[in-house]
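S.K.: Let me begin by handing over the structure; questions about it come next.
Every number here is computed from the coordinates shown, using simple stated rules; none is lab data. Remember, predicted model here, so these are calculated numbers, not experimental data. Positions of Cβ are generated from backbone atoms using ideal geometry, with glycine treated the same way; all protein chains shown enter the neighbour counts.
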Amino acid sequence: MQVHLLLMDLVYSRRLQRIMLYLKPANFEDLDAEYEYVKEMPIDENGLTNEYFGISKEDFEKIALPKMINWSKGIDLPEGFVPETFFFLWNQENGKNEIVGQFRVRHHLIPALRDGAGHIGYQIKKEYRGKGFGTEGLRLTIIEAKKILAKYGETELYLRCNITNPASLSCMLKNGAVIHHQDEQKYYTRIKLD
């Protein structure tokens, strides 16, 4: 399993801490941590939905996690869905590993996604927002997305966020996105893939 790592220096609580961020796709090895994260993730927060809020551990292990893994392989997709890889953003700090975010990469776009949610959706745990985790998590996700999308001939990443979520827009722009257009509720951004 390949993961990308990032060392960051973060200043908060008036002290400098060195942390390491890395992405891992959904897997059974990290079942306990993934379960704890997913069951607490809101049902719908800024457009990223979580059908597993409040799920039991047994159902997560037998239903949700296998579904996440299968969807990344294009297995058992509902009609109209495309393969989607679920990544978890891990923070290793002071010898402790913790999931601090979830990033999803849709492998290619159909018209509904091209005009809507795009390739990448993400969420950062509330206590880690405003500290650079979203920006760096998105950067790591873009690295993975480039590999995935190349198989489908995709040359541009499509993303969107709510107009009421300037932090998400900032994460996108810091990672090379440009605002393609907007409507009354959303910004739609694009990132060219090299």
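S.K.: Using all C-alpha to C-alpha distances in the stretch 83-194, build P(r) with 10 Å bins and read off the rounded percent in each one.
M.R.: Computed distribution, short to long bins: 14, 48, 31, 7, 1.
S.K.: Could you work out the local net charge near Asp32, counting Lys and Arg as +1, Asp and Glu as -1, over the other residues with Cβ closer than 12 Å to its Cβ? Before the final figure, lay out the partial values.
M.R.: Details: positive: Lys39, Lys57; negative: Glu29, Asp30, Glu34, Glu36, Glu61, Glu98.
Its environment carries a net charge of -4.
S.K.: Over the stretch 20-133, calculate the relative contact order: mean separation of alpha carbon pairs under 8 Å at least 6 apart, over the residue count, as a percent. Provide the component values of the computation, followed by the final result.
M.R.: Working: 167 pairs, mean separation 27.0, N = 114.
The normalised contact order for the stretch 20-133 reaches 24 percent.
S.K.: While we're here: Running a GNM on the chain with Cα contacts under 10 Å, which residue among Gly153, Gly95, Gly54 ends up with the highest mean-square fluctuation?
M.R.: Gly95
S.K.: Let me ask another. Using alpha carbon centroids, what distance separates the stretch 36-76 and the stretch 103-160, in Å?
M.R.: 17
S.K.: Shifting gears a bit: Across the stretch 184-192, in residue order, what do the Karplus-derived ³J(HN,Hα) couplings come to in whole Hz, using 6.51 cos²θ - 1.76 cosθ + 1.60 with θ = phi - 60° and x for Gly and Pro?
M.R.: Result, ordered by residue: 5, 10, 10, 9, 10, 10, 9, 10, 5 Hz.
S.K.: Would you please name the trypsin sites (Lys or Arg not before Pro) within the stretch 97-194 that are DSSP coil residues with at most 11 other C-beta atoms within 10 Å of their C-beta?
M.R.: On the way: sites: Arg104, Arg106, Arg114, Lys125, Lys126, Arg129, Lys131, Arg139, Lys146, Lys147, Lys151, Arg160, Lys174, Lys186, Arg190, Lys192; in loops: Lys125, Arg129, Lys131, Lys151.
Hits after loop and neighbour filter: Lys151.
S.K.: What is the Rg over Rh value, at two decimals, for the chain, using alpha-carbon atoms and the Kirkwood definition of Rh? Present the calculation step by step, with values, prior to reporting the outcome.
M.R.: Values: Rg = 16.3 Å, Rh = 17.2 Å.
Taking Rh as the inverse mean 1/r over Cα pairs, Rg/Rh reads 0.95.
S.K.: So what's the net charge close to Arg106: Lys and Arg +1, Asp and Glu -1, counting the other residues with Cβ under 11 Å from its Cβ? Please list the in-between numbers first.
M.R.: Numbers: positive: Arg104, Arg114; negative: Glu84, Glu154.
Result for the neighbourhood of Arg106: 0.
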